[in-house]
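Here the structure comes first, spelled out in C-alpha coordinates, and everything after it is commentary.
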Amino acid sequence: MSFDLILFGGTGDLVWRKIMPALFQAFRHGSLPAGGRIVGVARDDLSDDQYRALIKSRFDHVELAKRPSEEEFSRFAALLSFLRMDLSNPADYARLAAKLQQRPAEVVVMYVATAPNLFTTVCEQIAAAGLNGPQTRVVLEKPLGHDLASNRAINKTVRSVLTEQQIFRIDHYLGKPSVQNLFAMRFGNALFEPLWRREHIANIQITIAEELGVEKRGAFYDNTGALRDMVQNHALQLLCAIGMEPPINSHADAIRDEKLKVLRSLKAWTPASLSQHVVRGQYAGGAIDGEAVPAYRDEKGVNPDSRTETFVALRTEIANWRWAGVPFYIRTGKRLADRDAHIEVNFRPAPHAIFKAPLTSPNVGNRLVINLQPKDGLELHLLAQGADQRHPRSTPTLAPVQLDLDFDKRFGSERVGAYERLLLDVIDGRLNLFVRSDEQEEAWRWVEPILETWNNEPTGPRPYAAGTWGPSASSAMIARDNYCWSEES
Ligand code: BG6
(Lines give C-alpha, C1' and ligand atoms only; values in the text may rest on other atoms or scores of the structure.)
Protein backbone atom coordinates (compact mmCIF):
# COMPACT_ATOMS: atom_id res chain seq x y z
CA MET A 1 0.00 0.00 0.00
CA SER A 2 1.45 3.38 -0.94
CA PHE A 3 1.33 6.11 1.69
CA ASP A 4 2.49 9.65 2.22
CA LEU A 5 3.27 10.75 5.76
CA ILE A 6 3.50 14.51 6.10
CA LEU A 7 5.15 15.63 9.34
CA PHE A 8 4.14 19.20 10.18
CA GLY A 9 6.70 20.34 12.74
CA GLY A 10 9.20 18.17 10.88
CA THR A 11 12.23 19.63 12.65
CA GLY A 12 10.53 19.89 16.05
CA ASP A 13 11.08 18.15 19.35
CA LEU A 14 8.45 15.44 18.94
CA VAL A 15 9.63 14.37 15.49
CA TRP A 16 13.16 14.36 16.80
CA ARG A 17 12.52 12.49 20.05
CA LYS A 18 9.73 10.09 19.22
CA ILE A 19 8.44 10.00 15.65
CA MET A 20 11.63 9.48 13.61
CA PRO A 21 13.06 6.78 15.90
CA ALA A 22 9.67 5.02 15.79
CA LEU A 23 9.46 5.27 11.99
CA PHE A 24 12.95 3.90 11.71
CA GLN A 25 12.11 0.95 13.97
CA ALA A 26 9.00 0.24 11.87
CA PHE A 27 11.19 0.38 8.76
CA ARG A 28 13.75 -1.95 10.34
CA HIS A 29 11.04 -4.40 11.43
CA GLY A 30 9.76 -4.43 7.83
CA SER A 31 6.35 -3.19 8.95
CA LEU A 32 6.26 0.13 7.08
CA PRO A 33 4.36 -0.60 3.88
CA ALA A 34 6.65 -0.44 0.85
CA GLY A 35 6.15 2.54 -1.41
CA GLY A 36 5.85 5.14 1.34
CA ARG A 37 7.12 8.70 1.42
CA ILE A 38 7.86 10.70 4.57
CA VAL A 39 7.85 14.45 4.09
CA GLY A 40 9.16 16.70 6.86
CA VAL A 41 7.55 20.13 6.80
CA ALA A 42 8.86 23.21 8.65
CA ARG A 43 9.85 26.83 8.13
CA ASP A 44 13.56 25.98 7.99
CA ASP A 45 15.39 26.35 4.73
CA LEU A 46 16.64 22.81 4.14
CA SER A 47 17.24 20.66 1.09
CA ASP A 48 16.14 17.02 1.13
CA ASP A 49 19.73 15.98 1.78
CA GLN A 50 20.16 18.46 4.61
CA TYR A 51 16.98 17.13 6.20
CA ARG A 52 18.25 13.56 5.85
CA ALA A 53 21.55 14.58 7.47
CA LEU A 54 19.66 16.26 10.32
CA ILE A 55 17.60 13.13 10.94
CA LYS A 56 20.72 10.98 10.70
CA SER A 57 22.34 12.98 13.49
CA ARG A 58 19.32 12.12 15.63
CA PHE A 59 20.44 8.51 15.74
CA ASP A 60 23.75 9.42 17.38
CA HIS A 61 21.66 9.94 20.51
CA VAL A 62 19.77 6.65 20.63
CA GLU A 63 20.91 3.46 22.32
CA LEU A 64 23.29 1.37 20.23
CA ALA A 65 20.84 -1.42 19.46
CA LYS A 66 18.41 1.07 17.91
CA ARG A 67 21.04 2.83 15.78
CA PRO A 68 21.04 2.20 12.02
CA SER A 69 24.12 1.13 10.09
CA GLU A 70 25.18 3.45 7.23
CA GLU A 71 23.57 1.12 4.73
CA GLU A 72 20.34 0.82 6.71
CA PHE A 73 20.07 4.56 7.13
CA SER A 74 20.61 5.25 3.45
CA ARG A 75 17.71 2.89 2.61
CA PHE A 76 15.53 4.61 5.21
CA ALA A 77 16.65 8.07 4.05
CA ALA A 78 15.39 7.29 0.56
CA LEU A 79 11.86 7.65 2.01
CA LEU A 80 12.59 11.10 3.45
CA SER A 81 12.19 14.48 1.84
CA PHE A 82 11.61 18.02 3.06
CA LEU A 83 9.26 20.84 2.17
CA ARG A 84 9.69 24.36 3.49
CA MET A 85 6.32 25.76 4.47
CA ASP A 86 4.86 28.70 6.32
CA LEU A 87 1.85 27.00 7.88
CA SER A 88 -0.32 30.08 7.62
CA ASN A 89 0.34 30.63 3.92
CA PRO A 90 -2.22 29.03 1.56
CA ALA A 91 0.25 29.12 -1.35
CA ASP A 92 2.51 26.74 0.56
CA TYR A 93 -0.31 24.19 0.90
CA ALA A 94 -0.77 24.43 -2.87
CA ARG A 95 2.91 23.50 -3.21
CA LEU A 96 2.37 20.57 -0.87
CA ALA A 97 -0.65 19.47 -2.91
CA ALA A 98 1.39 19.68 -6.10
CA LYS A 99 4.15 17.56 -4.55
CA LEU A 100 1.66 14.91 -3.44
CA GLN A 101 -0.11 14.87 -6.78
CA GLN A 102 3.10 13.97 -8.59
CA ARG A 103 2.54 10.46 -7.27
CA PRO A 104 -0.87 10.03 -5.61
CA ALA A 105 -0.78 7.64 -2.64
CA GLU A 106 -3.54 5.37 -1.34
CA VAL A 107 -3.21 6.82 2.16
CA VAL A 108 -2.12 10.32 3.11
CA VAL A 109 -1.32 10.89 6.78
CA MET A 110 -0.99 14.48 7.96
CA TYR A 111 0.75 14.37 11.34
CA VAL A 112 0.30 17.71 13.08
CA ALA A 113 3.25 17.71 15.50
CA THR A 114 3.26 21.49 15.88
CA ALA A 115 2.40 23.85 18.72
CA PRO A 116 -1.31 23.34 19.51
CA ASN A 117 -2.22 26.88 18.42
CA LEU A 118 -1.53 25.79 14.83
CA PHE A 119 -3.82 22.73 14.82
CA THR A 120 -6.88 24.51 13.49
CA THR A 121 -4.92 26.57 10.94
CA VAL A 122 -3.29 23.45 9.53
CA CYS A 123 -6.59 21.55 9.31
CA GLU A 124 -8.39 24.47 7.66
CA GLN A 125 -5.58 25.01 5.17
CA ILE A 126 -5.41 21.30 4.35
CA ALA A 127 -9.11 21.46 3.49
CA ALA A 128 -8.80 24.71 1.55
CA ALA A 129 -6.07 23.14 -0.59
CA GLY A 130 -8.34 20.15 -1.28
CA LEU A 131 -6.07 17.83 0.68
CA ASN A 132 -8.83 16.40 2.89
CA GLY A 133 -9.99 13.65 0.54
CA PRO A 134 -11.21 10.28 1.84
CA GLN A 135 -7.66 8.90 1.73
CA THR A 136 -6.48 11.57 4.19
CA ARG A 137 -5.97 10.91 7.92
CA VAL A 138 -4.96 13.60 10.36
CA VAL A 139 -3.01 12.89 13.54
CA LEU A 140 -3.32 15.41 16.36
CA GLU A 141 -0.94 15.38 19.28
CA LYS A 142 -1.83 16.29 22.82
CA PRO A 143 -2.46 18.72 24.43
CA LEU A 144 -5.56 19.30 22.34
CA GLY A 145 -6.52 22.60 23.92
CA HIS A 146 -5.88 24.25 27.23
CA ASP A 147 -9.33 23.78 28.71
CA LEU A 148 -12.79 22.58 27.73
CA ALA A 149 -13.64 25.63 25.63
CA SER A 150 -10.43 25.54 23.59
CA ASN A 151 -10.69 21.78 23.17
CA ARG A 152 -14.25 22.14 21.86
CA ALA A 153 -13.18 24.92 19.51
CA ILE A 154 -10.39 22.76 18.05
CA ASN A 155 -12.67 19.75 17.69
CA LYS A 156 -15.37 21.87 16.05
CA THR A 157 -13.01 23.27 13.41
CA VAL A 158 -11.34 19.95 12.76
CA ARG A 159 -14.67 18.16 12.42
CA SER A 160 -15.98 20.78 10.02
CA VAL A 161 -13.38 19.66 7.49
CA LEU A 162 -12.79 16.00 8.39
CA THR A 163 -14.94 13.11 9.57
CA GLU A 164 -14.32 11.55 12.98
CA GLN A 165 -13.01 8.45 11.13
CA GLN A 166 -10.23 10.58 9.69
CA ILE A 167 -9.08 12.07 13.00
CA PHE A 168 -6.46 10.24 15.06
CA ARG A 169 -6.00 11.91 18.46
CA ILE A 170 -2.89 10.45 20.02
CA ASP A 171 -2.49 9.47 23.64
CA HIS A 172 0.75 7.51 23.45
CA TYR A 173 -0.03 5.65 26.69
CA LEU A 174 -2.64 3.67 24.77
CA GLY A 175 0.10 2.43 22.44
CA LYS A 176 2.31 1.06 25.22
CA PRO A 177 2.57 -2.75 25.26
CA SER A 178 1.90 -2.67 28.99
CA VAL A 179 -1.42 -0.91 28.45
CA GLN A 180 -2.32 -3.44 25.74
CA ASN A 181 -1.59 -6.10 28.33
CA LEU A 182 -3.95 -4.45 30.76
CA PHE A 183 -6.79 -4.83 28.26
CA ALA A 184 -5.69 -8.41 27.55
CA MET A 185 -5.58 -9.26 31.25
CA ARG A 186 -9.05 -7.90 31.89
CA PHE A 187 -10.86 -9.03 28.76
CA GLY A 188 -8.87 -12.10 27.72
CA ASN A 189 -9.29 -13.89 31.05
CA ALA A 190 -12.44 -14.66 32.98
CA LEU A 191 -10.52 -15.04 36.24
CA PHE A 192 -10.58 -11.44 37.40
CA GLU A 193 -13.99 -10.34 36.17
CA PRO A 194 -16.08 -11.70 39.10
CA LEU A 195 -13.72 -9.95 41.54
CA TRP A 196 -13.53 -6.71 39.57
CA ARG A 197 -16.10 -4.77 41.53
CA ARG A 198 -16.91 -2.92 44.71
CA GLU A 199 -17.73 -6.07 46.69
CA HIS A 200 -14.13 -7.29 46.42
CA ILE A 201 -11.97 -4.27 45.71
CA ALA A 202 -11.17 -1.78 48.45
CA ASN A 203 -9.34 0.82 46.36
CA ILE A 204 -7.35 1.32 43.19
CA GLN A 205 -4.20 3.43 42.88
CA ILE A 206 -2.77 4.72 39.62
CA THR A 207 0.79 6.06 39.84
CA ILE A 208 2.76 7.61 36.99
CA ALA A 209 5.99 8.82 38.56
CA GLU A 210 8.87 10.33 36.61
CA GLU A 211 12.41 11.05 37.72
CA LEU A 212 12.89 13.51 34.89
CA GLY A 213 12.22 17.20 35.34
CA VAL A 214 10.90 19.45 32.58
CA GLU A 215 14.05 19.00 30.46
CA LYS A 216 14.10 21.47 27.59
CA ARG A 217 10.37 22.08 27.68
CA GLY A 218 10.26 24.56 30.56
CA ALA A 219 8.33 27.26 28.70
CA PHE A 220 5.73 24.80 27.37
CA TYR A 221 5.38 23.02 30.69
CA ASP A 222 5.05 26.19 32.72
CA ASN A 223 1.97 27.01 30.69
CA THR A 224 0.61 23.48 31.05
CA GLY A 225 1.29 21.75 34.39
CA ALA A 226 0.85 18.16 35.46
CA LEU A 227 -2.95 18.17 35.47
CA ARG A 228 -3.17 19.07 31.78
CA ASP A 229 0.02 17.25 30.78
CA MET A 230 -0.64 13.88 32.45
CA VAL A 231 -3.95 13.61 34.32
CA GLN A 232 -6.44 14.90 31.71
CA ASN A 233 -5.14 12.33 29.23
CA HIS A 234 -2.76 9.52 30.24
CA ALA A 235 -3.96 8.95 33.82
CA LEU A 236 -7.65 9.16 32.91
CA GLN A 237 -7.14 6.77 30.01
CA LEU A 238 -5.57 4.29 32.47
CA LEU A 239 -8.47 4.81 34.83
CA CYS A 240 -10.86 4.04 31.96
CA ALA A 241 -8.95 0.88 31.05
CA ILE A 242 -9.17 -0.32 34.65
CA GLY A 243 -12.73 0.75 35.32
CA MET A 244 -14.61 0.24 32.04
CA GLU A 245 -17.17 -2.46 31.37
CA PRO A 246 -16.12 -5.19 28.93
CA PRO A 247 -16.74 -3.82 25.43
CA ILE A 248 -19.04 -5.85 23.17
CA ASN A 249 -16.20 -6.37 20.69
CA SER A 250 -12.79 -4.94 19.91
CA HIS A 251 -13.96 -2.31 17.42
CA ALA A 252 -12.82 1.24 18.04
CA ASP A 253 -16.24 2.63 18.91
CA ALA A 254 -17.17 -0.29 21.17
CA ILE A 255 -14.06 0.42 23.25
CA ARG A 256 -14.45 4.18 23.12
CA ASP A 257 -18.13 4.00 24.12
CA GLU A 258 -17.18 2.14 27.30
CA LYS A 259 -14.36 4.54 28.14
CA LEU A 260 -16.72 7.45 27.63
CA LYS A 261 -19.19 5.95 30.12
CA VAL A 262 -16.46 5.80 32.76
CA LEU A 263 -15.54 9.43 32.20
CA ARG A 264 -19.19 10.44 32.40
CA SER A 265 -19.55 8.50 35.67
CA LEU A 266 -16.66 10.19 37.46
CA LYS A 267 -17.99 11.71 40.64
CA ALA A 268 -18.71 15.39 40.23
CA TRP A 269 -16.46 17.71 42.21
CA THR A 270 -17.83 19.66 45.18
CA PRO A 271 -16.08 22.46 47.10
CA ALA A 272 -15.36 19.93 49.88
CA SER A 273 -13.90 17.26 47.59
CA LEU A 274 -11.87 19.84 45.70
CA SER A 275 -10.23 20.96 48.91
CA GLN A 276 -9.78 17.52 50.50
CA HIS A 277 -9.20 15.21 47.56
CA VAL A 278 -6.81 17.13 45.33
CA VAL A 279 -3.19 17.90 46.16
CA ARG A 280 -0.85 19.85 43.93
CA GLY A 281 2.88 20.17 44.38
CA GLN A 282 5.92 21.74 42.77
CA TYR A 283 9.44 20.40 43.06
CA ALA A 284 12.06 22.27 44.98
CA GLY A 285 15.75 21.42 44.63
CA GLY A 286 16.83 17.98 45.72
CA ALA A 287 18.69 14.94 44.45
CA ILE A 288 17.90 12.24 41.92
CA ASP A 289 20.07 9.12 42.13
CA GLY A 290 22.48 11.03 44.38
CA GLU A 291 22.89 13.95 41.94
CA ALA A 292 21.73 17.44 42.89
CA VAL A 293 18.97 18.81 40.65
CA PRO A 294 17.57 22.35 40.57
CA ALA A 295 14.17 23.51 41.75
CA TYR A 296 11.40 23.77 39.14
CA ARG A 297 11.44 27.58 39.40
CA ASP A 298 15.12 27.59 38.47
CA GLU A 299 14.58 25.56 35.29
CA LYS A 300 15.14 27.28 31.95
CA GLY A 301 11.98 28.82 30.52
CA VAL A 302 10.11 28.67 33.84
CA ASN A 303 8.80 31.79 35.55
CA PRO A 304 10.76 32.24 38.83
CA ASP A 305 7.43 32.87 40.62
CA SER A 306 5.64 30.07 38.83
CA ARG A 307 2.55 28.51 40.42
CA THR A 308 2.51 25.66 37.93
CA GLU A 309 2.09 22.23 39.48
CA THR A 310 4.60 19.47 38.73
CA PHE A 311 2.74 16.97 40.93
CA VAL A 312 -0.90 16.04 41.36
CA ALA A 313 -2.52 13.48 43.65
CA LEU A 314 -6.27 13.10 43.74
CA ARG A 315 -9.07 10.82 44.83
CA THR A 316 -12.14 10.16 42.78
CA GLU A 317 -14.90 7.58 42.40
CA ILE A 318 -16.69 6.03 39.46
CA ALA A 319 -20.32 6.49 40.35
CA ASN A 320 -21.93 3.36 38.91
CA TRP A 321 -23.11 -0.03 40.14
CA ARG A 322 -19.76 -1.72 39.72
CA TRP A 323 -17.66 0.86 41.53
CA ALA A 324 -19.83 2.98 43.81
CA GLY A 325 -17.86 3.98 46.91
CA VAL A 326 -14.50 2.54 45.77
CA PRO A 327 -11.80 5.24 45.86
CA PHE A 328 -9.63 5.59 42.78
CA TYR A 329 -6.44 7.47 43.56
CA ILE A 330 -4.33 9.06 40.85
CA ARG A 331 -0.82 10.36 41.44
CA THR A 332 1.67 11.73 38.94
CA GLY A 333 4.66 14.00 39.11
CA LYS A 334 8.05 14.99 37.85
CA ARG A 335 11.29 14.65 39.83
CA LEU A 336 9.85 11.93 42.03
CA ALA A 337 11.81 9.23 43.83
CA ASP A 338 11.64 6.73 40.98
CA ARG A 339 10.53 6.25 37.40
CA ASP A 340 7.59 4.01 38.04
CA ALA A 341 4.18 3.70 36.47
CA HIS A 342 1.88 1.08 37.92
CA ILE A 343 -1.69 0.40 38.94
CA GLU A 344 -2.38 -1.22 42.25
CA VAL A 345 -5.66 -3.02 42.82
CA ASN A 346 -6.17 -3.55 46.54
CA PHE A 347 -8.67 -6.28 47.35
CA ARG A 348 -10.70 -6.30 50.53
CA PRO A 349 -9.19 -8.19 53.48
CA ALA A 350 -10.57 -11.56 54.58
CA PRO A 351 -13.88 -10.91 56.37
CA HIS A 352 -12.94 -12.83 59.52
CA ALA A 353 -9.41 -13.23 60.88
CA ILE A 354 -8.50 -16.71 62.10
CA PHE A 355 -4.73 -16.27 62.08
CA LYS A 356 -2.87 -14.82 65.03
CA ALA A 357 -0.99 -11.57 64.68
CA PRO A 358 -2.66 -10.45 61.49
CA LEU A 359 -0.62 -8.08 59.42
CA THR A 360 -1.47 -4.52 60.13
CA SER A 361 -0.93 -2.80 56.79
CA PRO A 362 -3.91 -3.16 54.49
CA ASN A 363 -1.68 -3.03 51.40
CA VAL A 364 0.45 -6.06 52.13
CA GLY A 365 -1.41 -9.05 50.71
CA ASN A 366 -4.55 -9.32 48.61
CA ARG A 367 -3.41 -7.07 45.84
CA LEU A 368 -2.66 -7.11 42.17
CA VAL A 369 -0.03 -4.76 40.81
CA ILE A 370 -0.04 -4.03 37.12
CA ASN A 371 3.41 -2.70 36.27
CA LEU A 372 3.48 -0.40 33.26
CA GLN A 373 7.05 0.93 33.31
CA PRO A 374 9.94 0.56 33.54
CA LYS A 375 8.86 -3.04 34.21
CA ASP A 376 5.96 -4.47 32.25
CA GLY A 377 4.25 -7.24 34.16
CA LEU A 378 1.88 -8.40 36.85
CA GLU A 379 2.50 -9.08 40.51
CA LEU A 380 -0.08 -10.92 42.57
CA HIS A 381 0.59 -10.36 46.25
CA LEU A 382 -0.88 -12.97 48.55
CA LEU A 383 -0.57 -13.98 52.17
CA ALA A 384 0.94 -17.34 53.00
CA GLN A 385 1.72 -19.33 56.11
CA GLY A 386 4.63 -17.40 57.48
CA ALA A 387 5.58 -19.16 60.70
CA ASP A 388 8.95 -20.76 60.79
CA GLN A 389 7.98 -24.00 59.11
CA ARG A 390 10.99 -25.89 60.49
CA HIS A 391 9.43 -25.57 63.95
CA PRO A 392 6.03 -27.22 63.88
CA ARG A 393 4.99 -25.73 67.20
CA SER A 394 5.48 -22.13 66.14
CA THR A 395 2.32 -20.02 66.00
CA PRO A 396 0.78 -19.73 62.53
CA THR A 397 1.12 -16.22 61.21
CA LEU A 398 0.71 -14.68 57.82
CA ALA A 399 3.53 -13.48 55.63
CA PRO A 400 3.44 -11.77 52.24
CA VAL A 401 4.42 -13.76 49.14
CA GLN A 402 4.32 -12.77 45.52
CA LEU A 403 3.62 -14.28 42.09
CA ASP A 404 5.61 -12.29 39.60
CA LEU A 405 5.06 -12.23 35.84
CA ASP A 406 7.59 -10.26 33.83
CA PHE A 407 6.31 -9.64 30.29
CA ASP A 408 9.70 -8.35 29.12
CA LYS A 409 11.24 -11.71 30.03
CA ARG A 410 8.32 -13.63 28.60
CA PHE A 411 7.91 -11.75 25.32
CA GLY A 412 11.30 -10.01 24.99
CA SER A 413 11.98 -6.36 25.75
CA GLU A 414 12.26 -5.50 22.04
CA ARG A 415 8.52 -5.29 21.59
CA VAL A 416 6.95 -2.70 19.33
CA GLY A 417 7.06 0.69 21.07
CA ALA A 418 4.08 3.01 21.55
CA TYR A 419 4.78 5.46 18.73
CA GLU A 420 5.70 2.71 16.29
CA ARG A 421 2.44 0.90 16.93
CA LEU A 422 0.35 4.05 16.76
CA LEU A 423 1.96 5.27 13.53
CA LEU A 424 1.31 1.93 11.88
CA ASP A 425 -2.26 1.98 13.17
CA VAL A 426 -2.81 5.36 11.51
CA ILE A 427 -1.41 4.11 8.21
CA ASP A 428 -3.62 1.02 8.46
CA GLY A 429 -6.65 3.08 9.53
CA ARG A 430 -7.18 1.44 12.96
CA LEU A 431 -8.74 3.82 15.46
CA ASN A 432 -8.93 1.54 18.53
CA LEU A 433 -6.03 3.17 20.32
CA PHE A 434 -6.99 6.77 19.57
CA VAL A 435 -9.19 9.09 21.56
CA ARG A 436 -12.60 10.21 20.30
CA SER A 437 -13.63 13.86 20.62
CA ASP A 438 -16.39 13.15 23.15
CA GLU A 439 -13.98 11.25 25.42
CA GLN A 440 -11.55 14.09 25.30
CA GLU A 441 -14.17 16.72 26.02
CA GLU A 442 -15.52 14.72 28.93
CA ALA A 443 -12.03 14.49 30.42
CA TRP A 444 -11.58 18.25 30.08
CA ARG A 445 -15.00 18.84 31.62
CA TRP A 446 -13.96 16.79 34.65
CA VAL A 447 -10.60 18.50 35.24
CA GLU A 448 -11.94 21.99 34.71
CA PRO A 449 -13.28 22.60 38.26
CA ILE A 450 -9.81 21.72 39.57
CA LEU A 451 -8.19 24.26 37.27
CA GLU A 452 -10.73 26.91 38.29
CA THR A 453 -10.19 26.25 41.98
CA TRP A 454 -6.43 26.53 41.62
CA ASN A 455 -6.76 29.76 39.66
CA ASN A 456 -8.76 31.30 42.46
CA GLU A 457 -6.67 30.03 45.36
CA PRO A 458 -4.36 32.56 46.99
CA THR A 459 -1.78 29.86 47.71
CA GLY A 460 0.13 27.94 45.07
CA PRO A 461 1.31 24.33 44.91
CA ARG A 462 3.00 22.76 47.92
CA PRO A 463 6.77 22.41 47.55
CA TYR A 464 8.37 18.96 47.66
CA ALA A 465 12.04 18.05 47.50
CA ALA A 466 13.08 16.58 44.15
CA GLY A 467 13.69 12.86 44.57
CA THR A 468 10.83 12.27 47.03
CA TRP A 469 7.25 11.05 46.52
CA GLY A 470 5.72 14.52 46.49
CA PRO A 471 4.27 16.69 49.24
CA SER A 472 3.28 15.03 52.49
CA ALA A 473 -0.30 16.20 51.88
CA SER A 474 -0.51 13.43 49.27
CA SER A 475 0.07 10.74 51.92
CA ALA A 476 -2.25 12.58 54.29
CA MET A 477 -5.03 12.58 51.68
CA ILE A 478 -4.97 8.81 51.24
CA ALA A 479 -4.41 8.21 54.98
CA ARG A 480 -7.78 9.87 55.70
CA ASP A 481 -9.34 6.78 54.10
CA ASN A 482 -7.02 4.54 56.19
CA TYR A 483 -5.01 3.52 53.14
CA CYS A 484 -1.49 4.33 52.06
CA TRP A 485 0.42 4.58 48.79
CA SER A 486 2.09 1.38 47.67
CA GLU A 487 5.66 2.35 48.60
CA GLU A 488 4.54 3.24 52.14
CA SER A 489 3.05 -0.15 52.96
C1 BG6 B 1 4.07 13.19 27.75
C2 BG6 B 1 4.22 14.39 28.64
O3 BG6 B 1 2.77 13.13 27.21
O4 BG6 B 1 4.31 12.01 28.49
C5 BG6 B 1 5.60 14.42 29.26
O6 BG6 B 1 4.01 15.57 27.88
C7 BG6 B 1 5.88 13.11 29.97
O8 BG6 B 1 5.71 15.50 30.18
C9 BG6 B 1 5.61 11.94 29.04
O10 BG6 B 1 7.23 13.11 30.36
C11 BG6 B 1 5.72 10.63 29.78
O12 BG6 B 1 5.69 9.61 28.86
P13 BG6 B 1 6.44 8.24 29.13
O14 BG6 B 1 6.09 7.39 27.95
O15 BG6 B 1 7.90 8.56 29.23
O16 BG6 B 1 5.89 7.74 30.41
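The values are calculated or read from the model by the stated rules, or taken from the named source; none is laboratory data. None of the values given here were measured: they were computed from a predicted structure. Quick reminder, even Gly has a Cβ in these numbers, built from the backbone with ideal geometry, and neighbours come from all protein chains shown. Keep in mind that these areas ignore ligands, DNA and RNA; they rest on the heavy atoms of the full protein, side chains included. Shrake-Rupley method; radii C 1.70, N 1.55, O 1.52, S 1.80 Å.
Here are the numbers for this structure:
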| item | result |
| --- | --- |
| Segment Arg198-Thr121, extension gain: residue separation times 0.36 nm, minus the distance between their alpha carbons | 23.1 nm |
| Helix-derived mean residue ellipticity, 222 nm - over the chain, DSSP H n ≥ 4, -39500 (n - 2.57), to 500 | -9000 deg cm²/dmol |
| Sites Met1 and Thr453 - FRET efficiency at Förster radius 56 Å, r taken between beta-carbons, to 0.05 | 0.70 |
| Gyration tensor (alpha-carbon) shape descriptor, the chain, a/c threshold 1.5 | prolate |
| Segments 247-257, 121-131 sorted - mean Cβ within 10 Å per residue, highest first | 121-131, 247-257 |
| Per residue value of the accessible surface for the chain (all protein chains in place, 1.4 Å probe), Å² | 45 Å² |
| 23 Å Cα-Cα reach of Lys267 towards lysines, excluding residues that sit fewer than 8 places from it in its own chain | Lys259 |
| Relative packing of peptides 428-439, 203-214, 397-408 - highest average C-beta neighbours within 10 Å first | 203-214, 428-439, 397-408 |
| Cβ-Cβ FRET estimate between Asp49 and Ala219, R0 fixed at 41 Å, reported to 0.05 | 0.85 |
| Pairwise centroid distance, computed over Cα atoms, of segment 437-489 with segment 10-89, Å | 39 Å |
| Listed residue pairs exceeding 32 Å between alpha carbons, taken from Lys99/Lys334; Lys66/Lys156; Lys261/Lys334 | Lys99/Lys334; Lys66/Lys156 |
| Asn249 paired with Ser273, simple spin-label distance in nm, labels 7 Å along Cα-to-beta-carbon | 3.5 nm |
| Over segment 3-141: Rg over Rh, Cα atoms, Kirkwood Rh | 0.95 |
| Share antiparallel - DSSP beta bridges, the chain, percent rounded to 5 | 55 percent |
